[in-house]
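Q: Please see the structure below; I have some questions.
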Amino acid sequence: MQRHEVVVVGAGLAGQRAALAAIQAGRDVAVVSKLHPLRSHSGAAQGGINAALGKEDSVDTHIYDTVKGSDYLGDQDAIEFFCREAGPTVVEMEHFGTIFSRGDDGSLARRAFGGAGFPRTIYAADRTGLALLQGLWERLGTERFTLYEEWDLTDLVVRDGRVHGIIAFDRKGGDFEEIAAKSVVLATGPFGRVYGRTTNAHSCTGDGVAVAYAAGAYLKDMEFVQFHPTALLESGILITEGARGEGGILKNAAGERFMSRYAPHVLDLASRDVVSRAIVTEVAEGRGFDGPFGKYVHLELMHLGKEKVMSRLQEIVDYCRNFAGIDPVTEPIPVYPGQHYMMGGIGTDIRGATNIRGLFAAGEGACVSIHGANRLGGNSLLETLVFGKEAGIAAAAHAETAPKPEMHSADLDAVVAPLRAWSNRKDGEDPTALREEMQTTMDRYVGIYRNEADLLEGLKRIRAIKARFPNVHVVDQSHVYNLNLTDALEVGHMLELAETIVVGAYARTESRGAHARTDYPKRDDARWMRHTLAQKTPQGPSLSYSPVTYTRWEPKERVY
């Protein structure tokens, strides 16, 4: 058994920033990651990071845009803190070595993003996440810490209301191991792979969110699932909002710039939920293109000129050429919405603390809540850094005074015994088949538009798949790099989270942000201006609710 004062699970931007903060506070820190840190999903973020820099913009405008973008479900105290930290965070990351794109005068280049009242999205071409990740990893590499690479989180050890450590599977060694800790920070990222059509990497299975849920942590606002308007048709690869920020436009099969019907003031740069619903509506009403991989609309960049497209959207050009066989410099891009981001996650306060003592969370797997019912593009990279840092500081402070953790051999045995049984049985359920059934169900019944009948059918199917999961069979008997075993672990995590999404969506009888109910098409502030909290019980998620925090902005109609 290993022992550390602070264990950070996840090595993307949120995890690395938490680790750096805890190290700087003088704690003994370990980072546990299922991937090499530079392969973390943070590196897939393309478009940019928001900060109100320069005389024309203001922090207050950034705050208001975020509040409005959240459809007024975001906690305004958290949003104010978040936006005020934006400028110092971007400057800090530049000092860490992040190479941002520059304007002609040498200042940080900025582009427009959807739902923003000013072009405040700072970028590094269309590889911003990778540039930030590289700079932060190089800075973290100057510190002393322990890295457990290619370890899968399987359980949290919680006793007497506080965390004592984690249990994880070492892929290289083939063993389940205990790591005792006074504080644990979960920064394991999103769980978009509960859907089939998603921009998320295959590693985005919500491991930290699921084990926190199993340990008694509240999950917050899980019904709010963001679909990105422009995912490449066949593969679902993200086409950054930065493409529209640079002047790209959406057109239907009639050649119309159709966003004029849905957001007449800002057109293609409305918030993501608005644009996604617009595309789905255009296709449903017969104005989409038909193709072998489904219906779609066009994203046009051709009018921007080769130099601009090649210099500012290099990765998009590569994706289109390599995965769709088209050249966006001269041809339109076929796009259709794909699941992209989870507004919900482990419920935390501004410092990353959960309802379990010693357990903290940050990044997309956490819910502060700053995004509320809908996230603005450019705010997610900022979220990882601002709240990753806060969680690391808080975890270090807790570890300084917390008693020594108590880990028992029975803790490990209780976790490992049922997992080993998966390999010992002669037959059973194929985890890959269960995963595909879950994804098909979520795509079909819990998508952009929802209604009672679909949600009830989706819940019935998810619960039927979940009931079959205990009979899962791991065919691969190898000891090292048993990906059949890790696949089964991930499917178990995702089924728990899928259930919370559907239950929360069924209960919320209104439309708000990314949650669009065709049977309840209006926002209902009188009943639903509140956060959903899900806690695990043997019967499934038990829902309760908490108030939204206001400071300066009262809810009003959200138009773009």
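The values are calculated or read from the model by the stated rules, or taken from the named source; none is laboratory data. In this text the structure is predicted, and so the values were computed from the model without any measurement. Virtual Cβ from ideal backbone geometry, glycine too; neighbours counted across all protein chains shown. Only protein heavy atoms, including side chains, enter the accessible area calculation; ligands, DNA and RNA are left aside. Shrake-Rupley method; radii C 1.70, N 1.55, O 1.52, S 1.80 Å.
Q: If we sort 199-205, 523-529, 439-445 on the protection proxy, mean other Cβ atoms within 10 Å, highest first, what's the order?
A: So the order, starting with the most tightly packed, is 199-205, 439-445, 523-529.
Q: Follow-up question, since we're still on this one. Just subtract the alpha-carbon distance of LYS460 and GLU150 from 0.36 nm times their residue separation and send over the number in nm, one decimal.
A: Residue separation times 0.36 nm, minus the Cα-Cα distance, leaves 108.1 nm.
Q: Given points 7 Å out from each Cα along the Cα-Cβ axis, report the ALA526 to ALA507 separation in nanometres with one decimal.
A: Each label point is offset 7 Å from its Cα along the Cβ direction, giving 2.2 nm.
Q: Grab the beta carbon distance between ARG102 and GLU554, set R0 = 51 Å, and tell me the FRET efficiency rounded to 0.05.
A: Taking R0 as 51 Å, the efficiency between ARG102 and GLU554 is 0.80.
Q: Continuing with this model, one more query. Would you compute, from DSSP H runs of 4+ residues alone, the mean residue ellipticity of the chain at 222 nm, taking -39500 (n - 2.57) per run and dividing by the full residue count, rounded to the nearest 500?
A: Value at 222 nm, helices only, nearest 500: -10500 deg cm²/dmol.
Q: While we're on this one: Please report the equivalent ellipsoid semi-axes of the stretch 12-131, computed as sqrt(5 x eigenvalue) of the Cα gyration tensor, largest first, in whole Å.
A: 26, 19, 14
Q: Could you give each residue of the stretch 544-560 its phi-based ³J(HN,Hα) in whole Hz, using Karplus coefficients 6.51, -1.76, 1.60 with θ = phi - 60°, and x for Gly or Pro?
A: 9, 9, 9, x, 7, 8, 10, 10, 10, 10, 7, x, 8, 4, 9, 10, 10
Q: Compute log10 of I(q)/I(0) for the stretch 480-560 with the Debye formula, placing one identical point scatterer on every Cα and leaving out solvent, at q = 0.16, 0.25, 0.27 Å⁻¹, to two decimals.
A: Reported log10 I(q)/I(0), two decimals: -0.76, -1.24, -1.32.
Q: Placing +1 at every Lys and Arg Cβ and -1 at every Asp and Glu Cβ, with all other atoms neutral, what dipole size does the chain have around its Cα centre, in debye to the nearest 20?
A: Computed charge dipole of the chain: roughly 600 debye.
Q: What is the projected area of the convex hull of the Cα atoms of the stretch 108-182, averaged over all directions, in nm²?
A: Mean orientational projected area (the stretch 108-182, Cα hull): 9.2 nm².
Q: Now for a separate question. Size of the dipole of the stretch 234-301 about the Cα centre, Lys and Arg at +1 and Asp and Glu at -1 on the beta carbon, nothing else charged, in debye to 20?
A: 160 debye
Q: What ³J(HN,Hα) values, in whole Hz, does the Karplus curve 6.51 cos²θ - 1.76 cosθ + 1.60 give for the stretch 110-126 when θ = phi - 60°, with x put for Gly and Pro?
A: Running phi through 6.51 cos²θ - 1.76 cosθ + 1.60 with θ = phi - 60° gives 10, 10, 7, 10, x, x, 9, x, 7, x, 10, 8, 7, 9, 10, 6, 10 Hz.
Q: Answer with one residue from TYR213, SER260, GLY174: the one whose Cα lies farthest towards the positive end of the charge dipole of the stretch 160-318, charges on Cβ with Lys, Arg +1 and Asp, Glu -1.
A: Of the listed residues, the answer is SER260.
Q: Show me 495-502, 264-271 ranked by packing, highest mean number of other Cβ atoms within 10 Å first.
A: 495-502, 264-271
Q: Accessible area per residue of the chain at 1.4 Å probe, in Å²?
A: Here the residues of the chain average 36 Å² of exposed surface.
Q: Once the Cα atoms of the stretch 340-493 are picked out, what are the Rg and Dmax in Å?
A: 19.6, 51
Q: How do the peptides 50-57, 547-554, 79-86, 366-373 rank, highest first, by the average count of neighbouring beta carbon atoms within 10 Å per residue?
A: 366-373, 79-86, 50-57, 547-554
Q: If one computes the Cα centroid of the stretch 86-118 and of the stretch 251-293, what distance in Å separates the two points?
A: 30 Å
Q: Same structure again: Provide the gained length on full extension for the span ASP327 to ALA433, in nm with one decimal, where the gain is 0.36 nm per separating residue minus the Cα-Cα distance.
A: Net length gain for the segment: 34.6 nm.
Q: Here's something else I'd like to know. As I understand it, the dipole of the stretch 18-79 uses +1 on the Cβ of Lys and Arg and -1 on the Cβ of Asp and Glu, about the Cα centre. Which of GLY48, VAL32, THR61 lies farthest toward its positive end?
A: The one lying farthest along the dipole's positive direction is VAL32.
Q: Per residue of the stretch 322-331, what does 6.51 cos²θ - 1.76 cosθ + 1.60 with θ = phi - 60° give for ³J(HN,Hα)? Whole Hz please, x for Gly and Pro, Karplus curve as stated.
A: 7, 10, 10, x, 10, 10, x, 5, 10, 10
Q: Relative contact order of the stretch 103-245: what whole-number percent is it, with Cα pairs under 8 angstrom and at least 6 residues apart?
A: 17 percent
Q: Can you tell me the length gained on complete extension of the stretch ALA421 to ASN355, counting 0.36 nm per residue apart and subtracting the Cα distance?
A: Taking ALA421 through ASN355 to full extension adds about 20.6 nm, to one decimal.
Q: With a cut-off of 8 Å between alpha carbons and a minimum separation of six or more residues, what is the relative contact order of the stretch 379-528 in percent?
A: 24 percent
Q: OK, next. Nearest 20 debye, what's the magnitude of the dipole of the stretch 266-415 about its Cα centre given +1 on Lys and Arg Cβ and -1 on Asp and Glu Cβ?
A: 260 debye
Q: Helix by helix, which DSSP H runs in the chain go 27 Å or more along their axis at the Cα atoms and have an average Kyte-Doolittle hydropathy of -1.0 or more?
A: Both cut-offs are met by 379-401, 483-507.
Q: Take the Cα radius of gyration of the chain and divide it by 2.2 N^0.38 Å, with N its residue count; two decimals is plenty.
A: That works out to 0.92 for the chain.
Q: Okay, moving on. Which links in LYS220/LYS251; LYS172/LYS466; LYS404/LYS466; LYS308/LYS522 stretch past 32 Å when you go from one Cα to the other?
A: Violating the 32 Å Cα-Cα cut-off are LYS220/LYS251; LYS404/LYS466; LYS308/LYS522.
Q: What whole number of Å gives the distance from the Cα centroid of the stretch 486-506 to the Cα centroid of the stretch 328-384?
A: Between the Cα centre of the stretch 328-384 and that of the stretch 486-506, the gap is 17 Å.
Q: Follow-up. Report, by chain and number, residues whose modeled amide H sits under 5 Å from the one on TYR218, excluding near sequence neighbours (fewer than 5 apart, same chain).
A: Distant-sequence amide H within range of TYR218: GLY347, ASN355.
Q: Would you mind checking the pairs LYS295/LYS460; LYS389/LYS460; LYS295/LYS556; LYS295/LYS536; LYS55/LYS389; LYS55/LYS556 and listing those with alpha carbons more than 31 angstrom apart?
A: Long pairs (Cα-Cα over 31 Å): LYS389/LYS460; LYS295/LYS556; LYS295/LYS536.
Q: Could you tell me what percent of the accessible area of the chain is made up of carbon and sulfur, with a 1.4 Å probe and every protein chain present?
A: Within the chain, the accessible surface is 50 percent carbon and sulfur.
Q: Remind me, relative contact order of the chain in percent, using alpha carbon pairs under 8 angstrom and six or more residues apart?
A: After rounding, I find 22 percent.
Q: Say a paramagnetic label sat at a point 7 Å from the Cα of THR61, along Cα to Cβ; which residues of the stretch 100-122 have their backbone N under 11 Å from it?
A: What the label zone holds, given the 11 Å backbone N cut-off, is 116-121.
Q: Quick one: ranking MET342, MET1 by accessible area, 1.4 Å probe, largest first, what do you get?
A: Largest accessible area first, the residues go MET1, MET342.
Q: Considering just Cα atoms, how many Å³ per residue does the convex hull of the stretch 131-262 enclose?
A: With only Cα atoms used, the stretch 131-262 gives 173 Å³ per residue.
Q: Only bridges whose two residues both fall in the chain count here: according to DSSP, what percent of them are antiparallel, nearest 5?
A: Roughly 65 percent of the beta bridges in the chain run antiparallel, per DSSP.
Q: Considering only GLY103, THR486, TYR336, whose Cα is most displaced toward the positive end of the charge dipole of the chain, charges sitting on Cβ of Lys, Arg (+1) and Asp, Glu (-1)?
A: TYR336
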